[in-house]
1. Mean-square fluctuation check for the chain, GNM, Cα pairs under 10 Å: which of ASP182, ASP204, ASP106 is largest?
2. Choose one answer from GLU30, GLU137, GLU119: the residue with the largest mean-square fluctuation in a GNM of the chain with alpha-carbon springs under 10 Å.
3. Express the carbon and sulfur contribution to the solvent-accessible surface of the chain as a percent, rounded to the nearest whole number, probe 1.4 angstrom.
4. If you take the square roots of the eigenvalues of the alpha-carbon gyration tensor of the chain and sort them as a ≥ b ≥ c, do you get rounded (a/c under 1.5), prolate (a/b over b/c) or oblate?
5. Taking the Cβ-Cβ separation of GLU44 and SER274 as r and a Förster radius of 35 Å, what is the calculated FRET efficiency to the nearest 0.05?
6. Would you compute, from DSSP H runs of 4+ residues alone, the mean residue ellipticity of the chain at 222 nm, taking -39500 (n - 2.57) per run and dividing by the full residue count, rounded to the nearest 500?
7. Expected output is a single nm value to one decimal: the length gained when fully extending between LEU73 and HIS124, i.e. 0.36 nm times separation in residues minus the C-alpha distance. What is it?
8. Which entries of LYS75/LYS145; LYS53/LYS87; LYS113/LYS145 have Cα-Cα distances beyond 21 Å here?
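The values are calculated or read from the model by the stated rules, or taken from the named source; none is laboratory data. The model shown is predicted, which means the values in this text are computed figures rather than measured ones. In this analysis, Cβ positions are derived from the backbone assuming ideal geometry, glycine residues included, and neighbour counts consider all displayed protein chains. Note: accessible area is taken over every heavy atom of the protein model, side chains too, but ligands, DNA and RNA are not part of it. Shrake-Rupley method; radii C 1.70, N 1.55, O 1.52, S 1.80 Å.
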Amino acid sequence: MKRVILVIGAKGMLGRDLMGDLLSSLPNDEVFGWDIEEIDIQKEEDTVFKIEKLRPDILIHIAAYTDVDGCELDKEKAFAVNAEGTKHVALAASRCRAKMVYLSTDYVFDGNKREPYLESDPPHPLNVYGRSKLEGEQYVQTGVKDSLIIRTQWLYGRYGKNFVASILQQAGEKRVLSIVNDQIGSPTYTADLAKAISALIQFDARGIFHVANSDLCTWYTFGQAILKLSGMDRVRVIPISSKESGRPAVRPSYSVLNCQRLKKETGLVLRPWSEALKDYLAAYPLRISREGR
Ligand SMILES: NC(=O)c1ccc[n+]([C@@H]2O[C@H](COP(=O)([O-])OP(=O)(O)OC[C@H]3O[C@@H](n4cnc5c(N)ncnc54)[C@H](OP(=O)(O)O)[C@@H]3O)[C@@H](O)[C@H]2O)c1
């Protein structure tokens with residue numbers, strides 16, 4: 001039977017890849033993509049009304065206020081979008097008896113474990129973004145009968161602002177870059193994550209799943225790899241500490257996700273981040289102006 005699938009946050013970095021993947025992998029379903037122009041999840045009545053009118057069978061909620069430092073400076077907006085907004089979407093999902101899929105983050109953890117985090121590990125976020133996303137998780141878990149929470153991390157992709165694009169842009173403008181070397185994680189390509197989300201939906205997975213590309217690195221080693229693969233390794237990279245970076249939000253020093261549950265239940269293992277990065281840079285080489293260097 002044809003299912004109605006609604007993606008909220010469809011025009012974001014992950015959303016665009018996910019829409020493409022769902023449309024091709026689920027040709028027998030009807031897939032709708034909404035973003036802030038179609039629905040503002042901060043508005044409870046309007047959100048519930050619009051979703052109830054469509055009556056989706058599966059509601060994939062990936063809209064969020066994702067600027068981690070921005071969240072630290074505007075706590076009210078962070079909770080209004082990431083926590084309360086998710087509560088409104090969960091209420092609508094429950095009224096439609098839809099399955100709800102929610103994207104969450106490695107920043108629900110504090111990094112003290114120093115080995116890959118399991119889905120069952122107790123969360124303890126260090127920053128406002130992490131706290132607001134965790135509150136979103138709790139609304140999904142308590143408000144919706146059939147839910148799937150996918151925690152991921154360090155996203156980059158073809159669409160939207162991300163670390164890879166930022167490093168290449170800075171490398172076009174500066175001779176020396178300073179990059180944080182005391183946070184460990186797994187950079188994750190949105191195209192790979194989109195495939196995993198589609199697979200989890202096809203397996204009708206429930207509960208919490210960790211999904212990220214495999215292997216780990218620091219932002220500094222990730223930055224070095226980006227420059228090397230782009231033929232820009234003449235740019236000097238200096239490792240700095242998180243403290244030296246002066247960013248408003250504290251990040252966990254270690255937030256690698258253990259993705260064994262994904263493997264066990266779907267057979268999927270996301271490739272190493274370095275392979276994904278290579279493919280991404282080959283497919284979408286960013287043209288950098290070298291003027292002024
Ligand atoms: N990026 C990462 O590294 C990362 C890591 C872990 C988890 N995640 C999670 O993965 C998901 C996708 O991330 P992403 O990087 O693809 O995000 P993104 O590019 O920032 O996309 C999020 C989308 O949500 C929209 N949005 C914001 N506020 C909204 C509102 N009130 N109502 C409706 N739509 C709204 C945004 O519109 P505007 O652009 O106009 O604001 C944007 O199109 C998010 O749930 C995020 O928390 C991301």
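1. ASP204
2. GLU30
3. Working: 6780 of 13870 Å².
Carbon and sulfur together cover 49 percent of it.
4. Prolate, since a/c reaches 1.5 and a/b exceeds b/c.
5. On the way: r = 44 Å, r/R0 = 1.25.
Efficiency at R0 = 35 Å is approximately 0.20.
6. On the way: 12 runs with 119 residues, N = 293.
Per the formula, -12000 deg cm²/dmol.
7. Numbers: separation 51, 0.36 × 51 = 18.36 nm, distance 1.97 nm.
That works out to 16.4 nm of additional length.
8. Details: LYS75/LYS145 29 Å; LYS53/LYS87 18 Å; LYS113/LYS145 31 Å.
Long pairs (Cα-Cα over 21 Å): LYS75/LYS145; LYS113/LYS145.
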